[in-house]
C-alpha cells in the first residue's frame, strides 16, 4: 500500500498518525459494499488491525444496526486473527448513531452514509454479538464518547452513566485521546485523570498503551523515535513494545486489557 510505504520512511509522529487515519479510510473504502476482503495474502500484516476498523464501519454502513447482518458482513471479509478490530469500530459507529448532531458531522467529514434505523437498547445490541467481542464494542463506543465530548472528564462521566463495560469504554476514551492529541504525545502520556477506581485508572493506561502499540504495529520502529522524558512515558512505551513484540511472535495482535476468550 502506497500510503503505508511512504509513511514508513518518515520519522515524524505527525506523518505516521495522519497515515494511520488514511489507512483506516482506505480499509473502509476497500471493503465498502462487500467489494473487498482482508484475509488475502496481498494485505500486509502491518495494516491488518487498522484496516479492520475500516471494515467495521463499512459493515455498519451496509447493515445498519442489525447485529446478525453486521456479523455476516464482517466475518465474510475479515482475517480471522484480526476481525476483533472490526467489532471495535462497530461500537464506535453505534455511538455515532446515538448522537444525531455528531452523526451529521461524522457523515459530512467521512463520507460514510449510515442507513436510517431504530436505535436498539445497549442490552439488546450487545446481546447480538459473541460475548468475547462485547468489551471491544464498549471500547469503540468510548472512542465516540471522546469525539463527542472532547474532554476526558466529560467523556468519562458519560461512560460511567451507561450500562456498558465502563472499563472498556474508558480504555477507548484514552485511545481516542491519544490519537487526537498526537502533537502533544509526551504530555498525553503523562496525564493521569482523577479516577477513583484503580481498575478504571488501569483501563485508561491500557488505552494509552494500545494507541502506542497500534502505531508501532503499523509502522515498525515507531516507538524508537520517541524519547521519553519521564518515568511514566518510559513505562508506557515499554509496555507497548512488549505488546507488539508478543504480537509479532504469535502473529496475533491482542489489545491489552480487553479479554478475548478464544482466538479469532
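Scan the stretch 221-243 and give yes if some residue there is surrounded by 18 or more Cβ atoms within 10 Å (Cβ to Cβ), over 20 Å from the mean Cα position of the chain (by Cα) and modelled with pLDDT under 95, otherwise no.
Yes, that holds for at least one residue.
Answer yes or no: is there a residue in the stretch 175-184 that is over 29 Å from residue 83 (Cβ atoms) and touching a residue at least 12 places away in the same chain (Cβ under 8 Å).
The answer is yes, given that some residue of the stretch 175-184 is over 29 Å from residue 83 (Cβ atoms) and touching a residue at least 12 places away in the same chain (Cβ under 8 Å).
Where in the stretch 78-128 are there helices (runs of 4 or more DSSP H), lying wholly inside it, with at least 1 residues that are closer than 18 Å to residue 32 by Cα and in contact with a helix residue (DSSP H, G or I) (Cβ under 8 Å, 6 or more places away or on another chain)?
Counting at least 1 such residues, we get 84-98, 100-110.
Within the bounds of the stretch 165-182, is there any residue that is in a loop (DSSP other than H, G, I, E, B) and under 27 Å from residue 133 (Cβ atoms)?
yes
Let's see how each residue does on (1) buried (at least 18 other Cβ atoms within 10 Å of the Cβ); (2) touching a helix residue (DSSP H, G or I) at 6+ places or on another chain (Cβ under 7 Å); (3) not in a helix (DSSP H, G or I):
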residue: 30; (1), (2), (3): yes, no, no
residue: 38; (1), (2), (3): yes, yes, yes
residue: 47; (1), (2), (3): yes, yes, no
residue: 52; (1), (2), (3): yes, yes, no
residue: 59; (1), (2), (3): yes, yes, no
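How many residues, within the stretch 166-212, are closer than 26 Å to residue 120 by Cα and modelled with pLDDT under 95?
0
In the list 188, 148, which residue meets the criterion of being in a helix (DSSP H, G or I), under 29 Å from residue 131 (Cβ atoms) and within 18 Å of the chain's Cα centre (by Cα)?
None of the other options fit; the residue is 148.
Just checking, which of 148, 90 is under 16 Å from residue 61 (Cα atoms), surrounded by 14 or more Cβ atoms within 10 Å (Cβ to Cβ) and without any contact (Cβ under 8 Å) to a residue 60 or more places away in the chain?
Answer to the check: 90.
Kindly indicate whether any position in the stretch 198-214 is touching a residue at least 40 places away in the same chain (Cβ under 8 Å) and more than 23 Å from residue 157 (Cα to Cα).
There is at least one residue in the stretch 198-214 that is touching a residue at least 40 places away in the same chain (Cβ under 8 Å) and more than 23 Å from residue 157 (Cα to Cα).
The values are calculated or read from the model by the stated rules, or taken from the named source; none is laboratory data. Computed from a prediction, not measured in an experiment: that's the story for all the values here. Don't worry about glycine lacking a Cβ; one is built from the backbone with ideal geometry, like all the others, and counts go over all protein chains shown.
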